[in-house]
């Protein structure tokens with residue numbers, strides 16, 4: 001086999017392997033997006049009012065502005081009912097940020113980094129979903 005006859009084969013193989021990264025990214029990004037949707041449906045995400053209620057900074061600002069917060073003299077049952085139910089905000093929002101970073105890296109054509117960020121996003125979304133489902137089981141739902 002001469003060099004001239006093997007050159008088209010080498011170019012073809014190089015083109016096929018160069019196209020694998022975008023295909024792999026496409027598969028992983030779809031899986032990550034689906035996992036984030038599952039986590040959101042299971043209750044892992046928080047709304048902005050729920051996040052504000054959980055934040056110690058928001059509580060400190062509320063006391064300075066004259067808003068009244070729940071005192072420690074309330075019955076325990078009422079405090080538990082007023083506590084927002086955000087099951088896994090850290091994992092859920094980490095998954096969203098990793099997904100955003102993966103999409104940013106694709107914009108720079110850095111598919112290897114994008115695939116890794118998409119995988120991290122998928123893993124955090126799976127963790128958020130699992131935590132949320134376990135908390136729902138513990139509450140007896």
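Is at least one residue of the range 91-110 part of a helix (DSSP H, G or I), modelled with pLDDT under 95 and more than 30 Å from residue 20 (Cα to Cα)? The answer is no; no qualifying residue exists.
When 136, 60, 70 are checked against the criterion of being in contact with a helix residue (DSSP H, G or I) (Cβ under 8 Å, 6 or more places away or on another chain), at pLDDT below 85 and surrounded by fewer than 15 Cβ atoms within 10 Å (Cβ to Cβ), a single residue qualifies: 70.
Tell me which residues, restricted to the range 38-51, are farther than 12 Å from residue 93 by Cα and not in a loop (DSSP other than H, G, I, E, B). Passing the criteria: 38, 41, 42, 48, 49, 50.
The values are calculated or read from the model by the stated rules, or taken from the named source; none is laboratory data. Everything quoted here is computed from the prediction, not taken from an experiment. Every residue, glycine as well, gets a Cβ built from its backbone with ideal geometry; the counts of neighbours run over all protein chains shown.
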